[in-house]
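Structure, as structure tokens:
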Amino acid sequence: MTRHATSEYFLGKTKIGKGITMGLRIVMLGAPGAGKGTQAVRMAKEMGIPHISTGDIFRKNLREGTDLGKKVQGYLNSGALVPDELTCEIVADRLQEADCANGYILDGFPRSVPQAEMLTGFLAKRGEKIEVAVNIDVPDEEIVGRLSARRSDPETGAVYNLKFNPPPPEIADKLIQREDDKPETVKARLETYHETTEPIIAYYGELGVLKNVPGSNATPDEIYQRIMDVLPK
Ligand code: AMP
């Protein structure tokens, strides 16, 4: 097992520019397309901590044709969740890498109560915990419109939205639509979200770390500001 910097060191949090607190372990919650990824990328950059997206990890393995990619292909293409055990293994490995010692932003994980419980247990063994769960709240009607307008750059992985966050014209031609953002799959993903993922909002509420952020009728910059306002200072 990899050896890590001890958690004590990081419990003393350090303030960095603009009142942002460093050293936080953050979970991003919200339906697919709520804007978790966009916000998580920016937060990670400004806070200097890694952005860990299980969806990105799975897609990278799919593209590269690894064993993991082959195992998860069917789930991703149909919009179903990858089994908890496999997903948790991948996350546990990732969280033991050295760059996670200063905190991180989890995006797309946990996605079920068993995953959330596993994460709590894994962290507790290390004397750690999730300090904040940010739930970006967007109504279903808006989610469907957003996902169908989402496009990504196959080379950099950067995500755009034709309506809300248009790409620079020079790269517009090379952008692709994720297979699972096509309308048939979006419906399945939303159903899975409500049945399996939404209950973890209450789970983090009970742990006392939940922060709800309204995620509609606002620009990505405004939502970012709302998130900064609710992070522990
Ligand atoms: P995302 O990019 O977060 O929307 O994830 C894309 C797909 O990857 C999901 O529809 C699932 O098939 C799979 N996936 C991502 N994260 C998880 C997770 N925490 N648990 C199970 N499956 C996941």
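The values are calculated or read from the model by the stated rules, or taken from the named source; none is laboratory data. Everything numeric here is computed off the predicted structure, so don't read it as measured data. Don't worry about glycine lacking a Cβ; one is built from the backbone with ideal geometry, like all the others, and counts go over all protein chains shown.
Restricting the first residue to region 92-106 and requiring it to be over 17 Å from Lys129 (Cβ atoms), which pairs with a second residue that is assigned to a helix (DSSP H, G or I) and modelled with pLDDT of 95 or more meet a Cβ separation below 9 Å and a spacing of at least six or different chains?
Note: pairs meeting the criteria are Arg94/Thr54; Arg94/Ile57; Arg94/Cys100.
When you scan region 71-92, how many residues do you find that are hydrophobic (A, V, I, L, M, F, W, C) and outside any helix (DSSP H, G or I)?
Final tally of qualifying residues: 3.
I'm checking my understanding of the structure. Among residues of region 89-148 that are away from the ligand (no atom under 14 Å from the Cβ), of a type in the set (S, T, N, Q) and at pLDDT 95 or above, which one is surrounded by the most Cβ atoms within 10 Å (Cβ to Cβ)?
For region 89-148, the residue satisfying everything is Asn135.
Exactly one of (1) at pLDDT 95 or above; (2) outside any strand (DSSP E or B); (3) within 15 Å of the ligand (Cβ to nearest atom); (4) more than 15 Å from Arg178 (Cα to Cα) is unmet by Met28. Its number?
Condition (2) is where Met28 drops out.
For region 149-159, how many residues are in contact with a Leu (Cβ under 6 Å, 6 or more places away or on another chain) and loosely packed, with under 13 Cβ neighbours inside 10 Å?
Qualifying residue count, region 149-159: 0.
Take the conditions among the small types (Gly, Ala, Ser) and more than 10 Å from the ligand (Cβ to nearest atom) and apply them to Ala44. Does it pass? Spell out how you get there, then give the answer.
Details: among the small types (Gly, Ala, Ser): yes; more than 10 Å from the ligand (Cβ to nearest atom): yes.
Yes, satisfied.
Name the single residue that is surrounded by the fewest Cβ atoms within 10 Å (Cβ to Cβ) among those in region 47-70 being part of a helix (DSSP H, G or I) and near the ligand (Cβ under 10 Å from one of its atoms).
Step one: filter region 47-70 for residues part of a helix (DSSP H, G or I), giving 47, 54-64, 67-70.
Keeping just the survivors that are near the ligand (Cβ under 10 Å from one of its atoms) gives 54-59, 62.
On the way: Thr54: 22, Gly55: 18, Asp56: 15, Ile57: 20, Phe58: 22, Arg59: 19, Leu62: 18.
This residue is Asp56.
For region 139-160, which residues satisfy the criterion of being touching a residue at least 24 places away in the same chain (Cβ under 8 Å) and over 17 Å from Gly55 (Cβ atoms)?
Pro139, Asp140, Glu142, Val144, Ser148 - these are the residues of region 139-160 that are touching a residue at least 24 places away in the same chain (Cβ under 8 Å) and over 17 Å from Gly55 (Cβ atoms).
Just to check your reading of the model, which residue among Gly23, Gly12 is at pLDDT below 95 and at positive phi? I'd like the intermediate steps shown before the answer.
Values: Gly12 fails: at positive phi.
The conditions single out Gly23.
Considering only region 202-213, I want to know if a residue exists there that is outside any loop (DSSP other than H, G, I, E, B), in contact (Cβ under 8 Å) with a residue 40 or more places away in the chain, among the hydrophobic types (A, V, I, L, M, F, W, C) and away from the ligand (no atom under 14 Å from the Cβ).
At the first step, the residues of region 202-213 found to be outside any loop (DSSP other than H, G, I, E, B) are 202-206, 210-213.
When the remaining residues are screened for being in contact (Cβ under 8 Å) with a residue 40 or more places away in the chain, the result is 203-204, 210-213.
Okay, now just the ones that are also among the hydrophobic types (A, V, I, L, M, F, W, C), so 210, 213.
If we keep only those that are away from the ligand (no atom under 14 Å from the Cβ) as well, we get 210, 213.
Looking through region 202-213, at least one residue is outside any loop (DSSP other than H, G, I, E, B), in contact (Cβ under 8 Å) with a residue 40 or more places away in the chain, among the hydrophobic types (A, V, I, L, M, F, W, C) and away from the ligand (no atom under 14 Å from the Cβ).
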